[in-house]
């Protein structure tokens, strides 16, 4: 699976106050105490009201907001977003789950056994598939699901457009085992991250490139699902997707009678929560948090965010093709000031992030970006001068009679995001760059991202497990869909791919940092902040909130365990 997903609310504010448990109706410690995010791997900061099945009521409904109902509904496709995964989580196979630390547990509803061995120096994994498992259309769920997923994601057939080839490109074969309910996967040498592969798989009808790429565009194909819920309503025009229990499901009965997602902008979601129309919403800015803290009957759930917010400089844009220009722009951006805007009113601090592989609280992290770029407007001006952009009338630089004018696409209506974008425009003005801000609705995120219709774009990655170095190719390989800047050249691909072949996690982290530093020297993406996450939820909502690497990107675990506490 693509374990690092796009974050749909572009350049989203994710700062928050970090707590280890629910804070009741409001922040019991008040706002006068400065808080910091997790500082080590052992410090797992979560708040999601974890409850076992016997502590959850049978029945009930949950309604949640979703920023967009994406066009691409294949969550393994390169154009899939965080929101694609939110929807498919409930009706397609989840072969494994993570706990908040990121430890993997295989889902026995699909896999009755998973064994790893070393055979002739190669990692080999044997998957025993639950014989009860079948797709909604009655097709047997067997070893071919693993084989077909590998073929789509391994990168050898360029007709497929996968979200990530990491891991799958290291597999040499997927073969039928003792029977159709067993798959034997063999890697080329040692592969240390084998547990995180095949978290999701494709239906046989999606096995060919055209179907993989196009069949699930604007069509969820519920018959290709296999999970505790089925789609009851899919209304893109009305902005509503509803799920009900799947009568064909062979596993534990889901607790909810209905789960509904309603598409809405952030400003609408906070009002909908206050009016009781939805059961939870993100409140990760001071403005949003202040609106809910006095509410009765809610929890404010705070925990570590596993997100990398970033600025993308589109290297294919005429004004940004020159690496000297991209470097100068980054030197002209004060990330500390952006962080101050982000965390205003939240009494929260964190170190400026410097890597897209690991978070500052993880072992092996290094500030690769900080080693390369320091905020210095004078150095930025000098760099633009050397690139041929001379001071012009009105303070805007000119080259060959053309002004240095850039288009920044701003997604959504988050006030903090708007304030941060305005600050960036002023920083650009200070070094002689005119930055035009184009505001687009949240529903346009996927379109803007996939078409790269911008010069500068604020967006983010969100990680569903702690093994970031395993996905170095997803971020930096020249043909990866997450290499949005297109600044990293094909010549670096060999070094990037070699990282995953190293025999230990420690070696991969060490070499991965060196390779990332080379990729960052192309000055295509700039880390800005991570923060934590605040979720406001109605009291009693179980297994939902801010939970680091838990389940679906730290929001919820097994779909059948979402519900209301007894």
Just to check your reading of the model, which residue among 520, 556, 526 is in contact with a strand residue (DSSP E or B) (Cβ under 7 Å, 6 or more places away or on another chain) and either at pLDDT 95 or above or outside the structural domain of residue 295 (by the TED database) (or both)?
526
Find the strands (runs of 3 or more DSSP E) located wholly in the stretch 76-181 whose residues include 1 or more that are free of Cβ contacts under 8 Å to residues at least 24 places away in the same chain, and list them.
104-106, 111-119, 171-176
Quickly run through the stretch 365-389 and pick out the residues that are under 30 Å from residue 470 (Cα atoms) and either crowded, with 18+ Cβ neighbours inside 10 Å or in the same structural domain as residue 290 (by the TED database) (or both).
365, 366, 368, 369, 373
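Restricting attention to the stretch 522-540, does a residue exist that is over 22 Å from residue 455 (Cβ atoms) and assigned to a helix (DSSP H, G or I)?
We begin by selecting, within the stretch 522-540, every residue over 22 Å from residue 455 (Cβ atoms); these are 530-540.
Narrowing further to those that are assigned to a helix (DSSP H, G or I): none.
Looking through the stretch 522-540, none of the residues is over 22 Å from residue 455 (Cβ atoms) and assigned to a helix (DSSP H, G or I).
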Going through (1) surrounded by fewer than 24 Cβ atoms within 10 Å (Cβ to Cβ); (2) on the phi > 0 side of the Ramachandran plot; (3) in the same structural domain as residue 273 (by the TED database) one by one, residue 486 fails only at (3)
Residue check for residue 285: assigned by the TED database to the domain that holds residue 61, at pLDDT 95 or above and within 26 Å of the chain's Cα centre (by Cα):
no
Taking the stretch 345-356 and keeping only residues that are at pLDDT below 85, part of a loop (DSSP other than H, G, I, E, B) and either surrounded by fewer than 21 Cβ atoms within 10 Å (Cβ to Cβ) or not assigned by the TED database to the domain that holds residue 471 (or both), one is left with 345, 347
So for the stretch 216-233 (the condition being within 24 Å of the chain's Cα centre (by Cα) and closer than 29 Å to residue 469 by Cβ), does at least one residue qualify?
no
Within the stretch 288-318, restricting to residues that are in a helix (DSSP H, G or I) and surrounded by fewer than 22 Cβ atoms within 10 Å (Cβ to Cβ), the one that is farthest from the chain's Cα centre (by Cα) is 318
Residue check, residue 508 against (1) over 19 Å from the mean Cα position of the chain (by Cα); (2) at pLDDT below 95, all met but one. Which one?
(2)
When the stretch 390-406 is examined, which residues are found to be surrounded by 15 or more Cβ atoms within 10 Å (Cβ to Cβ) and at pLDDT below 95?
392
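The values are calculated or read from the model by the stated rules, or taken from the named source; none is laboratory data. Bear in mind that the values here come from a model prediction, so they are computed numbers and not experimental data. We place every Cβ from the backbone using ideal geometry, glycine too, and count neighbours over all the protein chains shown.
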